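A quick write-up on the structure given underneath.
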Amino acid sequence: MNKIAYLECPTGIAGDMCLGALVHVGVPLDYLIEKLNLLGISQEYQLSTEKVHRNGLVATKFHVKLTHANPEDGEPVTFDHHHHHHHDGENDHTRKKHHHTHNRHLPEIEELIKKAGLPQRAEAWSLAVFRQLAEAEGAVHGVAPEQVHFHEVGATDAIIDIVGTCLGLDWLNIDELYCSPLPTGGGTVRTAHGRLPVPVPAVLKLWELHNVPIYSNGIEKELCTPTGSAIACTIASGFCSPPSMSLQCIGLGAGSQNLAIPNILRLWIGEGKVQTQHSQVKKSDVPTAQHSHLETVSVLETQIDDCSPQAIAYTFDALFATGALDVFTQPVTMKKSRLGVLLTVICTPEKLSACQEVIFRETTTLGIRQSIQQRAILEREIHQLETKYGIVRLKVAKMGDKIVNVQPEYEDCATLARQENMSLIEVQKMVLQSW
């Protein structure tokens, strides 16, 4: 049985949220302090945690207080950067303004990590996360990863966030980490490069490099920070709905602000039979899902009881013309026993607004529910088949190298059936026999 962790990120991800969730789930703060001391920079920070409420839910808030000497009186000055770290206009980029103990570059950070004598997996993960972050920052700012400056990846609390999270996952003996699709956030944020749009360029680059499924939850704040995104993109085996597992415990890591929905990252810990990269498995033992592709879709739902069937039919056509992947209705009994229909639309996240606009415009509904879901789809190819009556397209579905389904295109078969005065079933049978 493998130990599985799942990061559920309805309000995004930041390093301090990961650390809060890890402590909440049982990783001892003393252990993190002890191991992080090995980096040799403990004079630069103080660590603490507290229980906080987010929309009525209790979660753990992880604090990193940065210290430096005041040049005028020699007394240490303390800043609690994580108080403003997430969701309120400050992020990993802005700490340079407050704290500048070292002008660190990637090679220096890598040296710190390598010399610390950390547990092997924690060291490897930490180096990989920083490398990914530096490559993303370097790509958007036009410099080599090794030349990326302090304020992008070298801030003391970014080191704590990344190394601490890797230490916590290693302490929990996690074999596989998965992450939910990530919300984009919105608005702008102050950074060392000036005011930038959210998501900031480095976060977008990380998502692009790792094909991260993203969506908008309507919150116009910075939801995913560069450090949080780098942790998820580097260590997570995939971005998906919760994997199959026996759930053991949940850790709640708090963000800094109160939002419309609880500003909490939830860490699910459980056991399951997810294959690790070291597992020796026969191809026949791999579950079907391994041969399918996961994609993120938006689902819109509304029930309607005062709209004519012709209007519903017209709405179908308008939705497909807009780019909906699928549209269907189901008969439902509504309040006061009124008969109605439940209209469901499946579309890609970028088509959500356009499809919603069609539903409001063409029907009498006053409200539409939205959800983000993952769907597994088989690989598909369109083949053209020459028959004695004309060309027919076929949709061929594959599971790996194996063909599992062949469907003649309905419109092509219907055209031939009318043209040759044959039944649709006859044409479809003829096409499949020729195939």
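Descriptive notes on the structure:
- Contacts under 6 angstrom Cβ, first residue in the stretch 160-176 being more than 11 Å from Leu19 (Cβ to Cβ), partner hydroxyl-bearing (Ser, Thr, Tyr) and open to solvent by 10 Å² or more (accessible area, probe 1.4 Å), 6 or more apart: Asp175/Thr276; Glu176/Ser237
- Some residue of the stretch 261-268 being part of a loop (DSSP other than H, G, I, E, B), at negative phi, out of contact with any Asp or Glu (no Cβ under 7 Å at 6 or more places or on another chain) and β-branched (Val, Ile, Thr): yes
- Arg380 over 30 Å from Gln310 (Cβ atoms), touching a strand residue (DSSP E or B) at 6+ places or on another chain (Cβ under 8 Å) and basic (Lys, Arg): yes
- Options Ile162, Ile174; residue that is open to solvent by less than 20 Å² (accessible area, probe 1.4 Å) and in contact with a helix residue (DSSP H, G or I) (Cβ under 8 Å, 6 or more places away or on another chain): Ile162
- Scanning the stretch 395-435 for residues that are under 15 Å from Leu378 (Cα atoms) and either more than 37 Å from the chain's Cα centre (by Cα) or not β-branched (Val, Ile, Thr) (or both) returns Lys395, Ala397, Lys398, Met399, Gly400, Asp401, Lys402, Asn405, Gln407.
- For the stretch 244-264, the candidate set comprises residues that are among the small types (Gly, Ala, Ser) and surrounded by fewer than 18 Cβ atoms within 10 Å (Cβ to Cβ); within that set, the residue that is nearest to Thr49 (Cα to Cα) is Ala260.
- Boolean, Gln374 is within 30 Å of Ser241 (Cβ to Cβ) and either of a type in the set (Phe, Trp, Tyr) or free of Cβ contacts under 8 Å to residues at least 40 places away in the same chain (or both): no
- Ala136 vs. criteria aliphatic (A, V, I, L, M), modelled with pLDDT of 90 or more and surrounded by 24 or more Cβ atoms within 10 Å (Cβ to Cβ): yes
- Scope the stretch 1-48; condition over 13 Å from Asp170 (Cα atoms) and charged (D, E, K, R); matching residues: Glu8, Asp16, Asp30, Glu34, Glu44
- Leu204 being open to solvent by 10 Å² or more (accessible area, probe 1.4 Å), out of contact with any Leu (no Cβ under 7 Å at 6 or more places or on another chain), more than 29 Å from Ile41 (Cα to Cα) and assigned to a strand (DSSP E or B): no
- Qualifying positions in the stretch 207-221 - touching a Ser or Thr at 6+ places or on another chain (Cβ under 9 Å) and either open to solvent by less than 40 Å² (accessible area, probe 1.4 Å) or outside any loop (DSSP other than H, G, I, E, B) (or both): Trp207, Val212, Pro213, Ile214, Tyr215, Ile219
For every residue, the table says whether it meets (1) in contact with a helix residue (DSSP H, G or I) (Cβ under 9 Å, 6 or more places away or on another chain); (2) modelled with pLDDT of 85 or more; (3) loosely packed, with under 12 Cβ neighbours inside 10 Å; (4) part of a helix (DSSP H, G or I).
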{"site": "Thr296", "(1), (2), (3), (4)": "yes, no, no, no"}
{"site": "Val299", "(1), (2), (3), (4)": "no, yes, no, no"}
{"site": "Ala311", "(1), (2), (3), (4)": "yes, yes, no, yes"}
{"site": "Ala318", "(1), (2), (3), (4)": "yes, yes, no, yes"}
{"site": "Pro331", "(1), (2), (3), (4)": "no, yes, yes, no"}
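The values are calculated or read from the model by the stated rules, or taken from the named source; none is laboratory data. Computed from a predicted structure; not experimentally measured. Methodologically, a virtual Cβ is constructed for each residue, glycine included, from the backbone with ideal geometry; neighbour enumeration extends over all protein chains shown. Only protein heavy atoms, including side chains, enter the accessible area calculation; ligands, DNA and RNA are left aside. Shrake-Rupley method; radii C 1.70, N 1.55, O 1.52, S 1.80 Å.
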